[in-house]
Amino acid sequence: MIEEFGLVALGLVILLVSGDLMVKGAVNLALRLGIPALIVSLTVVAFGTSAPELLVSVKSVLGGAPGLALGNVVGSNTANVLLVLGIPALLTGLAATSDTRREYLIMLAATALFIALCFAGPMTWWHGVILLAGLALFLLDGLRTARAHRKSLDDIEDLEDADPDMAWWRVILYLVLGIVGLPLGATLLVDSATAIASAYGVSETVIGLTLVAVGTSLPELATTVMAAIRRQADVAVGNVIGSNIFNLLGIIGIAVLVGPIPVDPEFLSFDLWVMLAASVILVPFVFLRLPMGRLVGLAFSALYAGYIVMLLT
């Protein structure tokens with residue numbers, strides 16, 4: 001069993017490194033296309049940091065552990081708000097300046113749609129079509145916004161990992177290494193986590209909500225912490241909002257095209273509502289632009305710790 005935990009750790013390391021390389025490549029590619037920082041955070045960086053969740057979820061469905069896929073996404077979205085924003089707020093505080101109300105409302109709409117489809121489960125291909133259609137609309141809206149701000153380059157040059165002097169071959173190399181490493185890390189993580197769940201009699205869903213969810217949220221956490229340290233709160237908040245949208249619409253949308261995903265009754269009565277509550281808790285910080293100080297960060301982190309304790313007990 002020690003070997004399985006070691007393979008989980010190795011899989012997480014590979015996912016982190018691969019996700020970081022993909023984000024670096026994607027950000028610098030976007031820099032050359034003239035897309036501003038907030039839009040990059042909502043789309044390119046969000047997709048890059050959500051790549052581990054995508055690979056883990058698809059692998060889980062193919063490997064006969066669909067509960068891990070659903071738990072991974074729901075757990076990651078909860079962790080993205082309470083942990084990924086909570087820890088940076090606890091360390092340095094966050095005070096966003098850009099208006100993200102529109103994107104936040106899209107995230108809430110995606111959350112509501114996802115919950116409604118879960119109640120119409122088990123989730124199959126037609127659920128995936130609806131979710132991917134929503135993702136396509138979000139991406140088209142992001143593309144329209146990016147075109148409207150195409151000339152605004154100063155803010156993206158300050159984005160973490162953005163290097164206007166990076167050679168094209170390095171950009172491509174980072175993308176290729178990310179694409180190769182992500183499925184390898186996902187395979188190690190899913191296979192080992194499934195073995196641990198079986199050995200200890202823990203359900204795949206709980207493993208997905210805890211161990212796998214936190215592990216696959218590490219790229220978002222690393223990106224957000226660095227953004228907070230660099231006083232780029234807009235990038236931090238945009239990364240979380242964009243990642244949650246991609247998780248709900250894109251990851252499960254693709255995963256159910258691979259195979260059906262049953263919905264655990266506990267999801268319908270508890271975990272989905274925790275995810276929704278974690279999303280709604282951001283209302284005053286998005287609409288009133290209240291700063292997330294250290295007390296807020298402490299509260300978010302404590303709420304997440306309490307949620308994990310409830311799951312495990």
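No value in this document is a laboratory result; all are computed from the given coordinates. The structure displayed is predicted, hence computed values, not measured ones. As a convention, Cβ positions derive from the backbone with ideal geometry for all residues, glycine included, and neighbour counts pool all protein chains shown.
Things worth noting here:
- Between the beta carbons of Ser198 and Val280, assuming R0 = 45 Å, the FRET efficiency works out to 0.80 to the nearest 0.05.
- Net charge over other residues, Cβ less than 14 angstrom from the Cβ of Gly121 (K, R count +1; D, E count -1): -3
- Applied to region 102-113, the Karplus parametrisation 6.51 cos²θ - 1.76 cosθ + 1.60 on θ = phi - 60° returns per-residue 3J(HN,Hα) values of 5, 5, 5, 5, 5, 4, 5, 5, 5, 5, 5, 4 Hz, with x for Gly and Pro.
- Cβ-defined net charge surrounding Ile261, 15 Å radius [Lys, Arg +1; Asp, Glu -1]: -4
- Ranking of Ser60, Ser18 by neighbouring Cβ atoms within 10 Å, starting from the fewest: Ser18, Ser60.
- Net charge contributed by nearby residues that have their C-beta within less than 11 Å of Gly63 (K/R +1, D/E -1): -1
- If R0 equals 22 Å, the separation of the Cβ atoms of Val129 and Arg102 corresponds to a calculated FRET efficiency of about 0.35.
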